[in-house]
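What follows is calculated from the coordinates using simple rules that are stated; it is not laboratory data. Since the model is a prediction, treat every value here as computed from it, not as a measurement. In this analysis, Cβ positions are derived from the backbone assuming ideal geometry, glycine residues included, and neighbour counts consider all displayed protein chains.
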Amino acid sequence: MGLDQYAGSRELLDNKFTWRKHAKLQKYMEDLWYQQNDGEFNCQYLVLSRVDIVNLKSCLENNTMPESEGGFFYGHEVQDESEQEYREQDLEFCDWALKQIEQGRGVVYHCWY
């Protein structure tokens, strides 16, 4: 068991990007979720805006991703290693997501733990 994370097109509900136990990305997305919603984030779709993606990309490029206090299955004890391991994929996701939004498509993130 553990944290499984997905992102893709809102219209297709596909999982173009997947991560496993990427605690810092999860913390970033959780913070967005709780700014906009009440209730549990697990298995819910978070619609991402252009600003959300631009801010994420800036955090990645400036090495300012938020630290995760953890979650039972988050892999928070290896979050620095996961951040480095997923860095290129995270940046690829940001570029892809910005293109989708520019073309009028929605981008969603969801997780399961």
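Selection of region 14-45 for residues being free of Cβ contacts under 8 Å to residues at least 12 places away in the same chain and more than 16 Å from F73 (Cα to Cα) yields D14, N15, Y34, Q35, Q36, N37, D38, G39.
Filtered by the rule that a residue be within 18 Å of M65 (Cβ to Cβ) and in contact with a Ser or Thr (Cβ under 8 Å, 6 or more places away or on another chain), region 77-112 gives a lone residue, Q79.
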